[in-house]
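The structure appears right after this line, and notes come after that.
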Amino acid sequence: MSKGTQHSTPKTDKTYQPPALHERFVQKLDVMVPMRDGVHLAVDIYIPDAAGKFPALLAFAPHNKDLQAPALVDALAPQPAWSALWQGGAEAGDSKYLTSRGYVHVIGNPRNVGKSEDGGSPDTDLYDLIEWMAAQPWCSGNVGMVGLSAYAASQWTAARLQPPHLKAIFPFDANAAYGFDDRPPFTFKRDLYPGGVLHVFSYLLAGLGVFHGSVGRPGKLSPEEEAQWREAMENPDYKIYSHMYNILTMKGQLFASFKRVFNTLINPYDDEAGENLLRTERHFEEIKVPTYTGAGWHALSYKQHLQGAQQWFRGIKVPKKLILSGPAHMERPFHSFHDEILRWYDHWLKGIDTGIMKEPPVKVWVMGANQWRYGDDWPLPETQWTKYYLHSWERLRSEPFVSGSREAYADPDAFAQMPPTQTRTVQNLRYMTDPLPEDTLVAGPVSLTLYAEIDQDDTNWIVILKDVGPDVSVRTAREGERDLPGNLPERELTRGWLKASMRELDVKRSTPWKPFHKLTRSSRKPVVPGEINEYQIEIMSTANLFEKGHRICLEITCLDMPTGAGLETNVEYIPYHICSSKTVLHKVYHNEKYPSHLLLPVIPVDE
């Protein structure tokens, strides 16, 4: 088989370090910018302290803009994710770095947020703000955008509006593609809840914004919403998560993010007509400016950024690049990849040949090897899709089942899971390869075909891919060699989720490595207890070098837990999921008739 085009270390791969041109900057705080309907947006402007005009980079989100100020960085140097002082909302970029390299940095809040004025429609605000910036005496007329998460979401919105002076965007932690629009009807977000399994991320982040909250009596629901709300109020799985049930009882009052949680709880489905999917595809077509998008393997926990970056990259038809970075969450205040950001904008806004468009369009951090790998597309064109079958004794093998042999009709494995009302113990099944005879590089989307039976009408499938080892042990009948060592190092790489009742596929949009589920109310099919069903489970993309002597490990479970007590979590951006309120017996089949298997994107290792 041809290895295809491979790029492990391009000749142009050098850290771009443009020189500091300006020592000081001028700041203009709480500037009120008029929109076409008379409402004013509050922005902070940081300008190089020098004569002339400069390209400008806009950061725009509901996050408190005062948390983005250089004055904060003077007091709080960038903190790693494991710091007690890490503050996830400081995502607008490093004003000192950007201004020193000859850019104006503008940080603003939407209407109805913070110091911006209230009222009216925000639909054209980003267009108006960008064109206002381009007309200012300090601006060269070339505008880009910068920032993570919500700051990335605003970049997609601005690009879709196509303001003439927006020349390029860099939406890192790119936000969801499928269902990123938070305006009514607040429909289901499949990139945030893959497989239809709900989690509490929006709840955990509620205190980080400066949204104008609503208090007092809940607003009136439409007749359809009222019926959905009454149904949700009777859901026993919601009731055991009392903070979620509380949002239901208050109909989403207090924080704007709680309103989104409420709407998801009462209607956790995509629309029947498929308008959300069609709208997303129209959004792809509306992007006309060069785009550098991406996320990191750290975004596994809240999903939408990692999912969205890949969806947008695949869908848009403009000069584009994709970066997928490492497993550690970036420091806050955000300053990572600013050399790459300016390499992009020096090319598109200053006309400097930085070499960035001469490199392959895809740049991926490979865990295990701890180095970058480059490619011509994503998934990588040289991918060799390889099946690893679940076997007896919880083994994982690349060999298929032998027809006519005993293993061709092996008995199922099983685990029973009590609900979190009764236990903190998470049960699972764990399948592993033998120690690998050679280095094995896996990079790209992953999927699991699972044949299973449960004794209730629903469950959550949660599957986890791990790298275990190194392992020099052997398994024999001799005493001391019958079990795997209990102290083997292991690293979690990625996860996948699927609500059993939401298993129906959209066949036209599915591929073997990326099952695409309908996730509509009409497609929901409660499981018949005792019936064997096929589940196609999307596992989020990863890139890892399993070194010789390591094992590929797959865990199958149905539950995760709050990491603290009283429904709290000890890491704000790692949410847990709403799981079953019932004890569920799970049986996993693996034989010739029911060939449960993991599909891995194996990449030829450079010689």
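The values are calculated or read from the model by the stated rules, or taken from the named source; none is laboratory data. Since we're looking at a predicted model, the values are computed, not measured. When we count neighbours, we look across all protein chains shown, and the Cβ atoms used for this are built from the backbone with ideal geometry, even at glycine.
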Task: Residue list for the stretch 548-584, filter: more than 13 Å from Pro419 (Cβ to Cβ), out of contact with any strand residue (DSSP E or B) (no Cβ under 8 Å at 6 or more places or on another chain) and at pLDDT 95 or above - done: Lys548, Gly549
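The rows are residues; the columns are (1) within 24 Å of Pro400 (Cβ to Cβ); (2) in contact (Cβ under 8 Å) with a residue 40 or more places away in the chain.
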{"position": "Phe546", "(1), (2)": "yes, yes"}
{"position": "Gly549", "(1), (2)": "no, yes"}
{"position": "Leu554", "(1), (2)": "yes, yes"}
{"position": "Met561", "(1), (2)": "no, yes"}
{"position": "Ala565", "(1), (2)": "no, no"}
{"position": "Tyr573", "(1), (2)": "no, yes"}
{"position": "Tyr576", "(1), (2)": "no, yes"}
{"position": "Asp606", "(1), (2)": "no, yes"}
Open item on the list: Quick check on Gly404: is it assigned to a loop (DSSP other than H, G, I, E, B), at positive phi and either assigned by TED's automatic domain parsing to the domain that holds Lys466 or buried (at least 17 other Cβ atoms within 10 Å of the Cβ) (or both)?
Closed with: yes
Open item on the list: Need the failing condition index for Pro419 against (1) surrounded by fewer than 18 Cβ atoms within 10 Å (Cβ to Cβ); (2) closer than 19 Å to Glu534 by Cα; (3) in contact with a Lys or Arg (Cβ under 7 Å, 6 or more places away or on another chain), just the number.
Closed with: (2)
TODO: Determine if the stretch 241-251 includes at least one residue that is touching a residue at least 40 places away in the same chain (Cβ under 8 Å), of a type outside the set (Asp, Glu) and either part of a loop (DSSP other than H, G, I, E, B) or under 18 Å from Tyr178 (Cβ atoms) (or both).
DONE: yes
Open item on the list: Within the stretch 293-332, take every residue that is at pLDDT 95 or above and among the aliphatic types (A, V, I, L, M) and give me the one that is farthest from Tyr345 (Cα to Cα).
Closed with: Leu306
- [ ] Return yes or no: is Val446 part of a strand (DSSP E or B), assigned by TED's automatic domain parsing to the domain that holds Asp483 and β-branched (Val, Ile, Thr)?
- [x] yes
- [ ] Answer yes or no: is there a residue in the stretch 128-144 that is surrounded by 23 or more Cβ atoms within 10 Å (Cβ to Cβ), modelled with pLDDT of 95 or more and closer than 20 Å to Gly294 by Cβ.
- [x] yes
Open item on the list: Can you find, within the stretch 430-478, the residue that is surrounded by the fewest Cβ atoms within 10 Å (Cβ to Cβ) among those that are modelled with pLDDT under 95 and either under 19 Å from the mean Cα position of the chain (by Cα) or basic (Lys, Arg) (or both)?
Closed with: Arg478
- [ ] Scan the stretch 590-605 residue by residue and report those that are part of a loop (DSSP other than H, G, I, E, B) and buried (at least 23 other Cβ atoms within 10 Å of the Cβ).
- [x] His590, Ser596
TODO: Kindly indicate whether Asp118 is within 19 Å of the chain's Cα centre (by Cα), at pLDDT below 95 and surrounded by fewer than 23 Cβ atoms within 10 Å (Cβ to Cβ).
DONE: no
Task: Any chance Tyr535 is at pLDDT below 95 and either surrounded by 15 or more Cβ atoms within 10 Å (Cβ to Cβ) or polar (S, T, N, Q) (or both) - done: no
